[in-house]
Amino acid sequence: MTLLDKILCRPCIFCGIVDGTVRGTLIYKDEHTAAFNDINPAAETHILIVPVAHIDSVKSLTVEHLDLLQRMRKKAEELLTSHGHDPAASKLGFHVPPFNTVDHLHLHVLGGELKSKFRKLKYETGRMWYLDLFQIQADLEKKHRLHGGARL
């Protein structure tokens with residue numbers, strides 16, 4: 001949630017989808033995570049997986065979130081498989097502020113061909129605006145080993 005949203009008391013749209021106060025179709029929910037289809041899909045399958053507890057963005061992640069990221073990864077792989085995609089050939093990642101559109105951590109789960117050259121660029125791993133889930137997990141695990149913690 002942006003500072004302006006907090007000042008104006010605007011609720012987080014993803015928190016509303018998760019708690020049912022905002023219309024949205026959850027395709028999965030447990031006590032830790034929820035999943036729903038992206039309203040503007042970039043690929044044949046484009047699912048967002050969010051933590052139930054509000055976390056602002058990928059920049060807010062710490063080593064304490066490694067279990068959450070593993071849960072998100074496992075659910076992403078299950079959903080991709082159930083939609084007929086090979087998880088190893090799919091994309092899992094996060095946009096980095098200020099390149100994200102909603103300030104609630106959300107994992108993009110992309111299966112199949114991306115719909116345009118722009119979308120390929122928007123979700124291209126290794127760019128400053130898009131971080132791969134596997135790399136984030138590896139970076140946090142390394143920080144945990146070296147420093148016993150710290151933010152990403």
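Under 5 Å between amide hydrogens, built in the peptide plane, is the criterion, and for Ala34 it picks out Val50, Val52 among residues at least 5 positions away or on other chains.
Converting phi to 3J(HN,Hα) with the Karplus coefficients 6.51, -1.76 and 1.60 and the offset θ = phi - 60°, the range 80-96 yields 4, 4, 5, 9, x, 10, 7, x, 5, 9, 10, 10, 10, x, 10, 7, 9 Hz in sequence order, with x at every glycine or proline. Annotation: amide H-H contacts under 5 Å for Val96 (H modelled 1.01 Å from N, sequence separation of 5 or more, or interchain): Tyr130, Leu131.
Pairs from the list Lys75/Lys120; Lys29/Lys91; Lys115/Lys142; Lys74/Lys115 with a Cα-Cα gap above 30 Å: Lys115/Lys142. For the chain, with all protein chains in place and a probe radius of 1.4 Å, 55% of the accessible heavy-atom surface sits on carbon or sulfur.
Remark on Ser57: its backbone amide H falls under 5 Å from those of Leu105, a criterion applied only to residues 5 or more positions apart or on other chains, H modelled at 1.01 Å from N. For the range 7-152, the orientation-averaged shadow of the C-alpha convex hull comes to 9.2 nm² (one quarter of the hull surface).
For the pair the range 100-124 and the range 46-61, the centres of their Cα atoms are 14 angstrom apart. Applying a DSSP loop filter and a limit of 12 other Cβ atoms within 10 Å to the trypsin sites (Lys or Arg not before Pro) in the range 1-107 leaves Arg23. For the chain, adding -39500 (n - 2.57) for each run of n ≥ 4 DSSP H residues and dividing by the number of residues yields -9500 deg cm²/dmol at 222 nm. Comparing His95, His108, His32 in a Gaussian network model of the chain, where Cα atoms under 10 Å apart are tied by springs, the biggest mean-square fluctuation is seen for His32.
In this structure the range 65-152 gives 57 Å² per residue of accessible area when probed at 1.4 Å with all protein chains present.
The values are calculated or read from the model by the stated rules, or taken from the named source; none is laboratory data. Here the structure is a predicted model, which is why all the values come from computation and not from measurement. No Cβ is skipped: glycine too gets one built from the backbone with ideal geometry, and neighbour counts run over all protein chains shown. Surface accessibility is based on the protein's heavy atoms, side chains included, excluding ligands, DNA and RNA. Shrake-Rupley method; radii C 1.70, N 1.55, O 1.52, S 1.80 Å.
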